[in-house]
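The values are calculated or read from the model by the stated rules, or taken from the named source; none is laboratory data. None of the values given here were measured: they were computed from a predicted structure. Glycine gets a Cβ as well: all are built from the backbone with ideal geometry, and neighbour counts include every protein chain shown.
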Amino acid sequence: MRRSGRKATYANRSALGRALGGRLPRSGMRIGLLGGSFNPAHAGHRDIALLAFKRLSLDEVWWMVSPQNPLKDSDGMAPLEARMTSARRQARHPRFIVTAIEDTLGTQATADTIRALTTRFPGVTFVWIMGADNMAQIHRWQNWKEIFHRSVIAVFDRPSYTLNAVASKAARQFAWARLTGRAVKTLAKREPPAWGYIRRMRLNPLSATALRNRGDVAE
């Protein structure tokens, strides 16, 4: 359940352009949204971003570095710019944009962010990218059903979370909107609500928590 502690602002196009590295999305583009604290970013994030980009034929993937995830303790949270730098080190792709656009929009809740983006860029298809661990508990997020109705959703498996994800409240409630088999590749061409579960041949066990515990932090 991601709660917003700030009122969303109405950022102008120039501010949004700066947040996106100087370019705004064009109508007809398919953009993946990979949101998180990235405290720090790691190879697992890059693996998911690359797989989503290739498997779903996306035009771009935005690494949305959250100002402060309300579900996570601020203790041990590196400053935003340090986490942006960490994400840039991992992104390293001409079609990946590391952005603090939520800070520009004044949003924290995922539903608020996606609402703002789909309102600003009505001709763009946004694909919310998340791991199976988040699918298992997305029903606790603020206005979580709106996320399904405003974006298509690509769920990537993570070690030990598969069963919880496919049996989750969200998976059951939106079972009718799930794409399976080869149809998952067409996810970014669909209208929401639509979601798919993407299994990987090789699972990356890395997590930001494990990296912090062994001393790797965003600096």
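This table checks each residue for (1) loosely packed, with under 15 Cβ neighbours inside 10 Å; (2) among the β-branched types (V, I, T); (3) touching a residue at least 60 places away in the same chain (Cβ under 8 Å).
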site	(1), (2), (3)
D133	no, no, no
H139	no, no, no
F156	no, no, yes
P159	yes, no, no
W176	yes, no, no
A183	yes, no, no
> Name the helices (runs of 4 or more DSSP H) wholly within the range 28-128 that hold at least 1 residues that are among the basic types (K, R), within 13 Å of the chain's Cα centre (by Cα) and crowded, with 17+ Cβ neighbours inside 10 Å?
Replying inline: 43-55
>> Residues to consider are N213, N204; find the one that is modelled with pLDDT under 95 and loosely packed, with under 12 Cβ neighbours inside 10 Å.
In response: N213
> In this structure, does A100 turn out to be farther than 18 Å from A15 by Cβ and either of a type in the set (A, V, I, L, M) or without any contact (Cβ under 8 Å) to a residue 24 or more places away in the chain (or both)?
Replying inline: no
> Here is a list of conditions, (1) at pLDDT 95 or above; (2) more than 24 Å from Q108 (Cα to Cα), and I147 meets all of them except one; can you say which number that is?
Replying inline: (2)
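Look at the range 92-102 and say how many of its residues are in contact with a helix residue (DSSP H, G or I) (Cβ under 7 Å, 6 or more places away or on another chain) and closer than 29 Å to N143 by Cβ. Steps first, please.
So the first thing to find is which residues in the range 92-102 are in contact with a helix residue (DSSP H, G or I) (Cβ under 7 Å, 6 or more places away or on another chain), and the list is 95-96, 98-102.
Pick out the ones that are also closer than 29 Å to N143 by Cβ and you get 96, 98-102.
Here the count works out to 6.
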> Name the pairs: first residue in the range 45-56 and touching a residue at least 24 places away in the same chain (Cβ under 8 Å) and under 11 Å from L34 (Cα atoms), second residue surrounded by 20 or more Cβ atoms within 10 Å (Cβ to Cβ) and among the polar types (S, T, N, Q), Cβ to Cβ under 7 Å, at least 6 apart or on different chains?
Replying inline: H45/Q90; R46/Q90
> Which residues, taken from the range 181-201, are modelled with pLDDT of 95 or more and closer than 24 Å to G44 by Cβ?
Replying inline: V184, K185, L187, A188, W195, G196, Y197
